[in-house]
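To keep things clear, I will list the structure first and then write my remarks on it.
No lab work stands behind these numbers, since they all come straight from the coordinates. Since this is a predicted model, take the numbers as computed values, not measurements. Cβ coordinates were reconstructed from backbone atoms using ideal geometry, including for glycine residues, and neighbour counts include every protein chain displayed.
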């Protein structure tokens, strides 16, 4: 789900697990470093997360749509379902419902993707951006009647929306799938986990809901991590 240029930025992880503190001296250690795991990036189908600072990568929803994998195509359909629920309330009302749905979209700190320097602290959509998205659905005739075929169209129409915010929106909507994927890979690779409560989009009820998942974590502060492809 990462763009091709993102793939090229990733190297590999090789950890010397004979040391007492495998991550000692590493400015921005990866998850594998702190647990003394030997995980080569080119041998796994997920990005090994950094723990102290965001990776300047993003999730590209177009690759979900383009994939031959039916599961990925379903995730793209769920993403458009969320966008259409926002459109419906923006156009037909109540508009406050559209704004509330968008207010739960944020840069998931569990993923550690973005442009923040020296931190993994995520940010939510601002009220101005939310209002701009709602107005775009209300004012563009094609969107009022037919909605979106691709979420990336918002980047062309809404000021302040670029690949990072498209990635945030995608990750927020598919977070429950990302959590399930993380649980499977952690079990396969012996990565320690702890139970966490997360917020994700429920495509069946067309609303946000809390769910529990076992996620890896940063042992220095207990913050959870989520794996992604």
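Here the Debye sum runs over all C-alpha atoms of the chain as equal scatterers in vacuum, and log10 of I(q)/I(0) at q = 0.09, 0.11, 0.15 Å⁻¹ comes out as -0.39, -0.57, -1.00. For region 136-229, the fraction of C-alpha pairs more than 17 angstrom apart is 62%. Extension gain, residue 210-residue 163: 0.36 nm per intervening residue step, less the Cα-Cα distance, totals 14.3 nm. Would you give the gap between the C-alpha center of region 159-229 and the C-alpha center of region 59-120, rounded to a whole Å? Centre-to-centre (Cα) distance: 13 Å. Rounded to the nearest 10 degrees, the inclination of helix 163-173 to the longest alpha-carbon principal axis of the chain is 90 degrees.
Here each label is just a point 7 Å from Cα along the line to Cβ, and for residue 221 and residue 103 those points are 2.6 nm apart. Considering only 91, 105, 48, the mean-square fluctuation computed in a Gaussian network model of the chain, springs between alpha carbons under 10 angstrom, is largest for 91. FRET efficiency for the pair residue 127 and residue 195, taken as 1/(1 + (r/R0)^6) with r the Cβ-Cβ distance and R0 = 25 Å, rounds to 0.15.
What length, rounded to one decimal in nm, is gained on full extension from residue 140 through to residue 84, with 0.36 nm per residue of separation minus their alpha-carbon distance? Contour length minus the Cα-Cα distance gives 18.8 nm. Using only Cα atoms and rounding to the nearest 10 degrees, what angle (0 to 90) does helix 127-139 make with the longest principal axis of the chain? The angle comes out near 40 degrees.
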